[in-house]
Amino acid sequence: FGKWMVVRFLRPPGAGQGLAIGGCHITNYLLERSRLVSPAPDERTYHVFYQLLAGADEAMQAELRLRPPSDCALFTRTTSCLAVPGMDDSAEWEDVVRSFGVLGFEEESVTSVLRCVSGVLQLADIDFEHAAAGSDGSGAVVTAGARQRLE
């Protein structure tokens, strides 16, 4: 499940350009796992993945171990739709970053969120192969190629 938050801002007297959160309305909704692992053929998975990959600077790309969408299994295995006509993922990313600041997120919190997003992208790159294990002979191991991508 997810939450959509509409945040209302106030400009307190004497605050200059500063804003304060004056209220919030929260709507709960379902985050569909199927949209992450098997979006419809002409749809993308969650937009934040594409926005992050398009807008991250080189330092962030290195820190989060990001690769182009064409090299990410989350996209290459699930959808052929890497871009939406009329949508600028890089500009949308700038809005996301600006929103973190407006909402008062500390840099450490933003980094934690981005590491989670990057982690989901990387988890999609893990492949498994059958391996005998346990008394029933069933088991699986991470493939050598997946280990190499994750190192």
Ser112 meets each of (1) over 12 Å from the mean Cα position of the chain (by Cα); (2) without any contact (Cβ under 8 Å) to a residue 40 or more places away in the chain with one exception, condition (1)
- request: Could you tell me whether any residue of segment 128-138 is under 18 Å from the mean Cα position of the chain (by Cα) and free of Cβ contacts under 8 Å to residues at least 60 places away in the same chain?
  value: no
Note to self: Just to be sure before I move on: is Val142 touching a residue at least 60 places away in the same chain (Cβ under 8 Å), surrounded by 11 or more Cβ atoms within 10 Å (Cβ to Cβ) and out of contact with any helix residue (DSSP H, G or I) (no Cβ under 6 Å at 6 or more places or on another chain) in the structure I sent?
What the structure shows: no
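Take the conditions under 28 Å from Phe9 (Cα atoms), out of contact with any helix residue (DSSP H, G or I) (no Cβ under 6 Å at 6 or more places or on another chain) and not assigned by the TED database to the domain that holds Leu10 and apply them to Ser90. Does it pass?
In short, no.
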Only one of Gly104, Gly119 is at positive phi and open to solvent by less than 70 Å² (accessible area, probe 1.4 Å), namely Gly104
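The values are calculated or read from the model by the stated rules, or taken from the named source; none is laboratory data. Quick caveat: nothing in here was measured; it's all calculated off a predicted structure. Every residue, glycine among them, receives a Cβ derived from its backbone with ideal geometry; neighbour counts consider all protein chains shown. When the accessible area is computed, the model is the full protein with side chains, heavy atoms only, and any ligands, DNA or RNA have been set aside. Shrake-Rupley method; radii C 1.70, N 1.55, O 1.52, S 1.80 Å.
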